[in-house]
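These notes concern the structure reproduced below.
Rule-based calculations on the coordinates, nothing more; no lab input. Quantities reported herein were computed from a predicted structural model and do not represent experimental measurements. Note that we place each Cβ from the backbone using ideal geometry, even for glycine, and neighbour counts take in every protein chain shown.
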Amino acid sequence: MKKFLAIFLAVLMIVGMTACGSSQPEAESPSETPQQEETAPEGDIVIGVLQDITGVTSTLGKMVQEGAQWAADEINAAGGINGRKVKLVTYDTKADVQEAINAYNRMTTTDKVSAIIGPPVANITIAIAPISEQYNVPVLHFAIDDRATIKDDGTPYKNMFLFQPSAKQQGAIMGKFAVEEQGLKKFGIIYNQSNAYSVSLLEPFKNTVESLGAKVVAEVPYQPNDKDFKTMLNKLVSAGAEAIYAPNYTQELILIVQQARAIGFDGRLICGLDACPPFPTLCGPEADGVIYINNITETEPQIQGIIEAYKQKTGNDATNKFFLGYDVMKILAKIIEEVGDDPVAIRDAIENLSGFQGLTGNITIDPNTHQTKGLEMVMHEIQNQAPVMLKRYSAEQ
Amino acid sequence: MSIQIIINGLAVGSVYALIATGFSLIFNILKFSNFSHGALMTLSAFIGYFFAVKTGSSLIPVIIVSMLAGGLVAYIGEFVAFRKITLRSTSPVYYFVSSITLGTLYEGIVTIWVGPNFYNYPRFFQSMVVNIGGFVISKPDLIMFISSCLALALLVIFIQKTRLGRALRSVSFDRDTAGLMGINVFGIIQLAFFISGALAGLSGVFLGINYTLYPQLGNLVVKGFIASVIGGLGSIFGAVVGAILLGLTETLLINFVGSGYAPVFSFLIMLAFLLIRPQGIAGSNVQEKA
Amino acid sequence: MQFYISILTFTLISVIAVTGIYVLTGLTGMFSLGQAAFMAIGAYVSGFLVVKAGVPFVLAAIIAVVISVIVGYIVGLPTVRLRRDYISLVTLGFGEAITALLNQTQSITGGALGFSGIPKITTLPLALISAIVCIVLVSYLKNSKYGRQCIAARSDELAAKAMGINVPRIKMTAFLIAVAVTSYAGVLYAFFTTYVDPGIFGWKKSAEWVIMVFFGGVSSLTGSIFGTIILTALPEVLRFAADYRTVFYAVLVLLIINFKPTGLFGEYELSVGNLLRRLSGKKEERSNA
């Protein structure tokens, strides 16, 4: 009897909790349930989506996936690619390298995908890069670490392509902007030492500002479980920093910005991609005066339209990662329309992609690095808890 | 300057104390480390968040709702994951496996539930900081510190002064004998889980307010574990002292050697404690029970 | 094909790590939440030696295991004398410390950016042979005098002490064997993925291994291995369930712990002899512990 009661309660607990989950504004859109178990009907174009759906970076991975799905739905609604429908096969990496390698192998060998939309997370992409050499399936990813696209000998991995400016370019953009446009001279740096994104943006920024005659007066690393940044920020302030460079993830950024204001720092904070909305509203009035870099600017009518439609459909906010996923799916559609769904042909076409006007900018791939060339980023300032576009910038400028 | 560091350290320490106490309470009764505690904090923090957003209520009702939710989930969790193990009274390792799995379950549910969004509690205070004698204290920190003290004081009074508290202590000391004395052992265990869950709810809300909400928020529970080892496993008083000590040490370390080595030092302190005073600050039982 | 080879190799590496956990948890009843950190030491030390110092793979693997054992001895020294709970919590702190160290020493380990460019040396046959060797050694250990002492200490520490068994020493040996085996699994892992980063060696990974041991049967080596194979393959099978995968996994483990607490195998060891006995209708084999 007790056995049954226990089973019953266990089931009840799970059903109850997932049920109250779905009563929330539809977190799950039905379209995202992958259906790779049934074999693709003749004629469907299968694209793999390899993202972190449940791990620590799930906020990023899910956004890319949703963006790609959104684009795929648009394409299918308009009749597909040359009359064929696009089907996305999404696998969760759990932010775990081992899971990711298994999922990658499965996509390429069992599901026979035409191309893979890879994660915006460095460790997984770097782990996949050497394996991808054995196959002929292009991986379109957003890991800004150079090692995710370029081998040690300086040549690119044949199947790996980066679709946003690399860490070097983004760090340089932020550094140049801070010194040249904002006239800042003394920087303090606070970064998450265990976060590859944060670390990879460190050196390029430092090199850029120093080459422009400005100085880094202090830098403090922190650990993933650190929640109290006041002591660290105090160190930066007392070292004479007039601006603080904080290329960190959203959650930590909220704390850093709030605590920086709490200790009386009223200078500039220069942040990475993760200060994009919803950061300003999450952070509150303290966010005003934060400068950040972004792939898109939300006020552009086409982007605004998608953000609103997506919000209406799912209740979620589309972030910049959404549009990265969206653009890449659109690029794939355009290429497949021209060269068909043979992975090798797609790969060659991506290598020579030039002047694709997407929502995240005008995308050209450099065949020598497999990274974007001259892709502009948009610098924003947060005013009254809303982003205000300051200037479009590319690293080559 | 150095007083400012101590204030920051106390603030951090008081959160660790709340985590460590909820954890110690269960250790006290069932003699196992409840690894689902962290995920439970996250779960109840999210319940509190959605309540706050839906009803737009002020801080106090949110705390109450989170504590009730945490208590209730812990109550059900005990029934689902631990009851049979207690009845069988076999090795404590089963508790360990069960509690980790339960934690995974909670975390999985939260991930499914909240989706890809970021969350932050609505503002409960107009200004975030108060200035007392030239020192900056953040309001959530202050309130957190005060309510931690309050909750812990109430808990101590409850355990030391009431009949139920006495029953709790006797069950913790010897379950079988307590049962023979006519104490409803499972009632007491359920009560302990409820209280521990409520504490998880309280710390969850504060962590959420202070540190924003995300599915892995509960990972902070590691600090609670370390604090309770320093304090002496299963001792509530020790857990509090250990937590404050850990909070202070960490803040000092961050100031003098940087955050990078802080976990290394925490670990070394823990090792040193085990070498010199294995029973912890409070001196609980460290040998395996026969 | 590559897909199955890769899954199989990962499973075998997990099996090796789990045989280590079996010695620790199955034989002596201790459990460690820092095993993954020893895996990290094995992976990083061997990777560093091969990539940066040009040491041959075999030698690097041996050095890595030896260093892990030395570190394990330092961690074990104050802890094996205490309640078993302490070992889990201390190793947890140890795991955190190792992760922090790896992040901190960026010039050597690559920090959070990870350590890449490790040559791919681990192959399916190597993993298979290693796994078989580990399993055979551990099963021999289980049936030896030492193994029986371990089981005695696990069942009743006081009684074991009264019988003249040096319990802390037994525990320490078991801990070090587990450390050695796990760090070797780490070596194989690093030379299979060719890239390691500190993030993958957290305590959740260690906990996962303990769960695998319990799932299959904490008192049965073959059960533990069986549990590992099932639980490593299960997430692959469940891929279609996406978000719900973790929840399903957790519920399944909870059900096993609740209703079959000794795990799938109980104390039953899968072997030719036991199978034959079972087939011929004798059921007493479960009574020998």
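The table for this structure:
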{"read-out": "Helix axis angle, C:221-237 relative to chain C longest principal axis, alpha carbon, degrees", "value": "50 degrees"}
{"read-out": "Three-way shape label, the stretch A:56-104, alpha-carbon gyration tensor, a/c 1.5", "value": "oblate"}
{"read-out": "Centroid-to-centroid separation of the stretch A:218-261 and the stretch C:204-220 [C-alpha atoms, Å]", "value": "40 Å"}
{"read-out": "Inter-chain shielding of C:78-84 (mean C-beta neighbours from other protein chains, 10 Å cut-off)", "value": "6"}
{"read-out": "The stretch C:2-287: radius of gyration over Cα atoms, expressed as a fraction of 2.2 N^0.38 Å", "value": "1.00"}
{"read-out": "When the protein assembly as shown is reduced to its Cα atoms, the Kirkwood hydrodynamic radius in Å", "value": "28.9 Å"}
{"read-out": "Helical segments meeting 24 Å axial Cα length and Kyte-Doolittle 0.5 threshold in chain B (DSSP H)", "value": "B:2-30, B:37-55, B:59-77, B:93-114, B:139-161, B:185-211, B:236-256"}
{"read-out": "Estimated inter-spin distance, B:I60 and A:E396, nm [label 7 Å along Cα→Cβ]", "value": "6.4 nm"}
{"read-out": "Contour minus Cα-Cα distance for B:R277 and B:L180 (0.36 nm per residue)", "value": "31.4 nm"}
{"read-out": "Reachable lysines from A:K151, criterion Cα separation under 16 angstrom, eight or more residues apart if same chain", "value": "A:K168, C:K120"}
{"read-out": "Dipole of the stretch B:2-276, positive end: most advanced residue of B:M67, B:L87, B:Y16 [Cβ charges, Cα centre]", "value": "B:L87"}
{"read-out": "Positive dipole terminus of the stretch C:152-247, leading residue within C:I170, C:T232, C:P198 (C-beta point charges)", "value": "C:I170"}
{"read-out": "Whether chain B is rounded, prolate or oblate, judged on the alpha carbon gyration tensor where a/c under 1.5 counts as rounded", "value": "oblate"}
{"read-out": "Ranked by how many other beta carbons lie within 10 Å on average, peptides B:214-222, C:257-265, C:13-21, C:129-137 from highest", "value": "C:13-21, B:214-222, C:257-265, C:129-137"}
{"read-out": "Ranked packing of C:62-74, A:180-192, most packed first, by mean Cβ within 10 Å", "value": "A:180-192, C:62-74"}
{"read-out": "Packing-based ranking, highest mean first, of A:319-327, C:113-121, C:245-253, A:147-155 given that Cβ atoms within 10 Å are counted", "value": "A:319-327, C:245-253, C:113-121, A:147-155"}
{"read-out": "Cross-link pairs beyond the 30 Å C-alpha cut-off, checked among B:K31/B:K161; A:K62/C:K260; B:K139/C:K204; A:K206/A:K230; A:K94/B:K223", "value": "A:K62/C:K260; B:K139/C:K204"}
{"read-out": "Spacing of the two label points (7 Å from each Cα toward its C-beta) at A:D342 and A:N362, in nm", "value": "3.2 nm"}
{"read-out": "Shielding by partners, peptide C:253-264 (average Cβ within 10 angstrom, other chains)", "value": "5"}
{"read-out": "Computed helical MRE - 222 nm, chain B, DSSP H runs ≥ 4 contributing -39500 (n - 2.57), nearest 500", "value": "-24500 deg cm²/dmol"}
{"read-out": "Along principal axes, Cα extents of the stretch C:32-169, largest first, whole Å", "value": "53, 35, 19"}
{"read-out": "Extension gain from A:A386 to A:K185, taking 0.36 nm per residue of separation minus the Cα-Cα distance", "value": "69.7 nm"}
{"read-out": "Computed [θ] at 222 nm, helices only, for chain C once each DSSP H run of length n ≥ 4 contributes -39500 (n - 2.57)", "value": "-23500 deg cm²/dmol"}
{"read-out": "Angle between chain A longest axis and helix A:122-132 axis [Cα atoms, degrees, rounded to 10]", "value": "40 degrees"}
{"read-out": "R0 of 30 Å, Cβ-Cβ distance C:Y140-C:R277: FRET efficiency to nearest 0.05", "value": "0.90"}
{"read-out": "Length-normalised contact order for the stretch B:2-276 - Cα pairs under 8 Å, 6+ apart - percent", "value": "41 percent"}
{"read-out": "Two-site label geometry, B:I6 and B:F256: point separation in nm, points 7 Å out along Cα→Cβ", "value": "1.5 nm"}
{"read-out": "Percent RCO, i.e. relative contact order, over chain C, from Cα pairs under 8 Å lying at least 6 residues apart", "value": "31 percent"}
{"read-out": "Relative contact order (percent, whole number), chain A, Cα cutoff 8 Å, 6+ residue spacing", "value": "17 percent"}
{"read-out": "Spin-label proximity, A:K313 to the stretch A:342-372 - amide N less than 18 Å from point 7 Å beyond Cα toward beta carbon", "value": "A:359-360"}
{"read-out": "Angle between chain A longest axis and helix A:202-211 axis [Cα atoms, degrees, rounded to 10]", "value": "40 degrees"}
{"read-out": "Stretch gain in nm, segment B:V53-B:K139, where the contour uses 0.36 nm per residue and the Cα spacing is subtracted", "value": "28.9 nm"}
{"read-out": "Helix-only [θ]222 nm of chain A, DSSP H runs n ≥ 4, -39500 (n - 2.57) each, per residue, nearest 500", "value": "-12500 deg cm²/dmol"}
{"read-out": "Shape call, chain A: gyration tensor on alpha carbons, a/c limit 1.5", "value": "oblate"}
